[in-house]
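Each remark here refers to the structure printed beneath this line.
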Amino acid sequence: MFQADLLGQRTVLVTGGGSGLGRALAKRFLEVGARVAICGRNEERLAATARELDPSGERVLARRADVREFGEVEALAQAVVERFGGIDVLVNNAAGNFLAATEELSPNGFNAVVQTVLHGTFHATLAVGRRMIERGRGGDILNIVTTYAWTGSAFVVPSAAAKAGVLALTRSLAVEWAAYGIRVNAIAPGPFPTEGAWSRLMPPEIEAEARARIPLDRFGDPPELANLAVFLVSDAARFINGECVTIDGGEWLASGGLFNRLTRMPRAQLKSMFRRLRGR
Ligand code: HXC
């Protein structure tokens, strides 16, 4: 679908790139010619992912950094610049989340998620954005949010609040940093099966129901998300700025419209009911 060198000569930093969607993103960026830096909290996992993605090690840099700590993110950004000469694309993918009744949350539980998602996105955006501005060659920032950033969602209050903040940050900075040639966009994925998300958010009892909510009747496939990310940071999307692209098989829209649930009835039965209502 994409030319093999679509992002040749570009350097992409993917936070949380050692596993899950971040790993899928890093893999795809490498496939289209980019140099890729990944960070996360688990050094061993990062190193293993880096080895798997690029055994030569020529185009991958893996470095431990907890996005909650600005000092660690600063050191990471500096290391990427020293190794690859600059950062062209930042993907804020690192996230934390779990299902909990809000009245049972501790302030520290709220912090663990909000500091990773919202503060972490801000930390990486600040560290990388300042360097992009100083370099004077523009850049792309892509934030991974989720569809409940604007609907909200029960039982994931810290994540919903933080992702809403990231969406506001996306739209705000898209305007503010356009003057530096920096585009800021977001992707809102619905459910994509990854170990991190599934173990925390998709117990077996709710998986079938979650899938049934999706009009396309399946979960996402991580490479589909990665392809969208590649497109959004590529020159093909140079006029897209401040946008949030949903990739969820129609899930969030289907949860809203009053009559959307009718799509679950057999279509012939539905049409016969419509004819009856019309008096035919
Ligand atoms: C209630 C919990 C909890 C849970 C942790 N805490 N898990 N509270 N229910 N299930 C509380 C702890 O009791 C503690 O508070 C505080 O949170 C910090 O816990 P730690 O285990 O010390 O935190 P830490 O090791 O830093 O782990 C952070 C984490 C964890 C966010 C809690 O889940 C994590 O590392 N997640 C990263 C990966 C991830 O979540 N991936 C899924 C992202 S999917 P106290 O008060 O006891 O000290 C996503 C999009 C969803 O974001 C879209 C779906 C469609």
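Among the criteria (1) within 15 Å of Leu99 (Cβ to Cβ); (2) surrounded by 15 or more Cβ atoms within 10 Å (Cβ to Cβ); (3) more than 9 Å from the ligand (Cβ to nearest atom), the one Phe155 does not fulfil is (2). Across segment 132-150, the qualifying residues are those that are out of contact with any helix residue (DSSP H, G or I) (no Cβ under 6 Å at 6 or more places or on another chain) and assigned to a helix (DSSP H, G or I), and the one among them that is surrounded by the most Cβ atoms within 10 Å (Cβ to Cβ) is Met132. Screening the candidates Ala160, Ala186, Ala168 for the property of being under 17 Å from the mean Cα position of the chain (by Cα), away from the ligand (no atom under 16 Å from the Cβ) and either of a type outside the set (Phe, Trp, Tyr) or in a helix (DSSP H, G or I) (or both) yields one hit, Ala168. When Ala162 is tested against (1) modelled with pLDDT of 95 or more; (2) closer than 24 Å to Ala112 by Cα; (3) surrounded by fewer than 18 Cβ atoms within 10 Å (Cβ to Cβ), just one condition goes unmet, and that condition is (3).
Kindly check whether there is at least one residue in segment 5-20 that is closer than 20 Å to Gly139 by Cα, assigned to a loop (DSSP other than H, G, I, E, B) and either acidic (Asp, Glu) or at pLDDT below 95 (or both). Yes. Please verify whether Thr246 is more than 10 Å from the ligand (Cβ to nearest atom), under 16 Å from the mean Cα position of the chain (by Cα), in a helix (DSSP H, G or I) and among the hydroxyl-bearing types (Ser, Thr, Tyr), treating the condition exactly as stated. Spelling it out, it is not the case that Thr246 is more than 10 Å from the ligand (Cβ to nearest atom), under 16 Å from the mean Cα position of the chain (by Cα), in a helix (DSSP H, G or I) and among the hydroxyl-bearing types (Ser, Thr, Tyr).
Cβ-Cβ distances below 9 Å connect the following pairs, each with a first residue in segment 41-59 that is within 22 Å of Gln9 (Cα to Cα), a second residue that is of a type in the set (Lys, Arg) and within 16 Å of the ligand (Cβ to nearest atom), and a separation of six or more residues or different chains: Thr49/Arg23; Glu52/Arg23; Leu53/Arg23. Restricting segment 217-255 to residues that are over 20 Å from Leu13 (Cβ atoms) and among the acidic types (Asp, Glu), the residue that is surrounded by the fewest Cβ atoms within 10 Å (Cβ to Cβ) is Asp217.
Ile214 satisfies every condition listed in (1) more than 30 Å from Gly8 (Cα to Cα); (2) outside any loop (DSSP other than H, G, I, E, B); (3) within 16 Å of the ligand (Cβ to nearest atom); (4) of a type outside the set (S, T, N, Q) except (2). Here Glu52 meets the list (1) farther than 21 Å from Pro222 by Cα; (2) surrounded by fewer than 17 Cβ atoms within 10 Å (Cβ to Cβ) almost entirely, failing just condition (1). Go through segment 159-181 and report how many residues are farther than 17 Å from Asn92 by Cβ and in contact (Cβ under 8 Å) with a residue 40 or more places away in the chain. Within segment 159-181, residues that are farther than 17 Å from Asn92 by Cβ and in contact (Cβ under 8 Å) with a residue 40 or more places away in the chain number 4. Candidates Gly152, Gly86, Gly129: the one that is touching a residue at least 40 places away in the same chain (Cβ under 8 Å), on the phi > 0 side of the Ramachandran plot and not basic (Lys, Arg) is Gly86.
The values are calculated or read from the model by the stated rules, or taken from the named source; none is laboratory data. No experiment lies behind these values; they were computed from the predicted model shown. Positions of Cβ are generated from backbone atoms using ideal geometry, with glycine treated the same way; all protein chains shown enter the neighbour counts.
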